[in-house]
Amino acid sequence: MTTRLLASLTRVLGVPQARQELKWMQQAASASATLSSLDEMVRRRSLGEPLQYILGTQPFGPLNLLTRAPTLIPRPETEHWVMQLAGTVSPTPQTPIGLLDLGTGSGCIPLLLCHLWPAGSVQAHGVDISPDALHLASENAALCGIPSASDGESGPTNTFTTTRVNFLSDDFPSGPEVENALPIDILTSNPPYISWEEYLELPPSVTNYEDPKALFGGPSGLDFYHAIVRLMCRTELFNPNALVALEVGHQQAETVQALLRSTGRVTRSDIWIDPWGKKRTVVARM
């Protein structure tokens, strides 16, 4: 049986990757009574479905987050800059901060920060247009032990709440849930940044499974960054010395950095490089 399954995967993935993924599938199948059979897992993978959706989880820093189509799968490059951000900012229970994550998806960015920073030091809020994403983010928060509110009895705790909203909308932020999270000290986002030209070149393993609304950033890939710049111009949304950290796509870093600087509110900006040598994150201090 193993030889047959390995042969099926090898035709799609090549020998080394097929061996590794079959091992992970075997481990997952033996550890869970709720996952598909090994035969079914291999069939799905052979058709191009991402392994993370088949296994149902994806490591993200020290967390192991739930993954489910069509919500965007957390990527290693995102994990890298979020870990770097966690080491750059040092909130404390005495000086807690508010964080807003735009396009939160699985909740991976705010949940990892809530996990890494001291208890009681951050109140995080994530927004997304997708009900599937928000449901998954809430499941992940529960899995990670991060509540939506402090009960005031078990000591200080970091919290994570969500709202369904389109932050491209002219009236964003509106509604009590988002307004209660304001003003903020940190704005994070891994927004849709794939241009139309790039989207057409993505592999079927992405376009057939992951939500296009989480990938496509308009014709140039910059629509969401323009929306974020409009938010940055609204002084009432941010506390003094607020920080903005944005993941960017291929050859977008300098353009996005210039957009942020065009607000006239940025006192310093940096471009962070990911482990693969890509200009991955633009970080601006206001």
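The values are calculated or read from the model by the stated rules, or taken from the named source; none is laboratory data. These numbers were taken from a predicted model, which means no experiment stands behind them. Using ideal geometry, Cβ is built from the backbone for each residue, glycine included, and neighbour counts are taken over all protein chains shown. Note: accessible area is taken over every heavy atom of the protein model, side chains too, but ligands, DNA and RNA are not part of it. Shrake-Rupley method; radii C 1.70, N 1.55, O 1.52, S 1.80 Å.
Counting only helical runs of four or more DSSP H residues, what would the 222 nm mean residue ellipticity of the chain come to if each run contributes -39,500 (n - 2.57) and the total is spread over all its residues? The helix-only estimate for the chain comes to -11000 deg cm²/dmol at 222 nm.
When the chymotrypsin sites (Phe, Trp or Tyr not before Pro) in region 191-286 are filtered for DSSP coil states and for at most 11 other beta-carbon atoms within 10 Å of their beta-carbon, the remaining sites are Trp276. Were the residues from Glu198 through Ala149 laid out at 0.36 nm apart, the gain over their Cα-Cα distance would be 13.6 nm.
Loop exposure criterion: GluC sites (Glu not before Pro), DSSP state outside H, G, I, E and B, at most 16 other Cβ atoms within 10 Å. Applied to the chain, the longest stretch between such sites is 1-152.
Of all the options Pro62, Pro118, Pro74, the one that moves most in a Gaussian network model of the chain with Cα springs shorter than 10 angstrom is Pro62. Excluding ligands, DNA and RNA, the accessible surface per residue across the chain is 47 Å² with a 1.4 Å probe. In the chain, the DSSP beta bridges split such that about 40 percent are antiparallel, to the nearest 5. For the residues Ser195, Ser220, Ser30, a GNM of the chain with alpha-carbon springs under 10 Å puts the largest fluctuation on Ser30.
Per-residue Karplus couplings for region 124-138, computed as 6.51 cos²θ - 1.76 cosθ + 1.60 with θ equal to phi - 60°, are listed in order as 9, 9, x, 10, 7, 8, 9, x, 4, 5, 5, 5, 5, 4, 5 Hz, Gly and Pro entered as x.
When you filter the trypsin sites (Lys or Arg not before Pro) in region 211-247 for DSSP loop state and at most 14 other Cβ atoms inside 10 Å of their Cβ, you are left with Arg234. How far apart, in nm, are the 7 Å Cα→Cβ label points at Ile129 and Gln26? Each label point lies 7 Å from its Cα, and together they span 4.4 nm.
From the alpha carbon centroid of region 185-199 to that of region 1-53 is 31 Å. The value obtained for region 1-72, namely the Cα convex hull volume divided by the number of residues, is 97 Å³ per residue. Is region 50-180 rounded, prolate or oblate when judged by the Cα gyration tensor, a ≥ b ≥ c being the square roots of its eigenvalues, rounded requiring a/c under 1.5 and prolate requiring a/b larger than b/c? Oblate, because a/c is 1.5 or more while a/b does not exceed b/c. Region 116-148 and region 163-184 have Cα centres separated by 16 Å.
Radius of gyration (Cα atoms) of region 17-121, expressed as a multiple of 2.2 N^0.38 Å: 1.30.
Build a GNM of the chain with springs between Cα atoms under 10 Å apart, and of Asp223, Asp171, Asp211 the one that fluctuates most is Asp171.
Computing the accessible area with a 1.4 Å probe over protein heavy atoms, can you report the carbon and sulfur percentage for region 1-47? Reported share for carbon and sulfur atoms: 54 percent.
Counting 0.36 nm for each residue step from Ser46 to Gln84 and taking away their Cα separation leaves a gain of 10.2 nm.
To the nearest 10, the accessible area of Lys279 is 100 Å² with a 1.4 Å probe. Each listed q (0.08, 0.10 Å⁻¹) maps to a log10 I(q)/I(0) for the chain from the Debye sum over equal C-alpha point scatterers, namely -0.36, -0.56.
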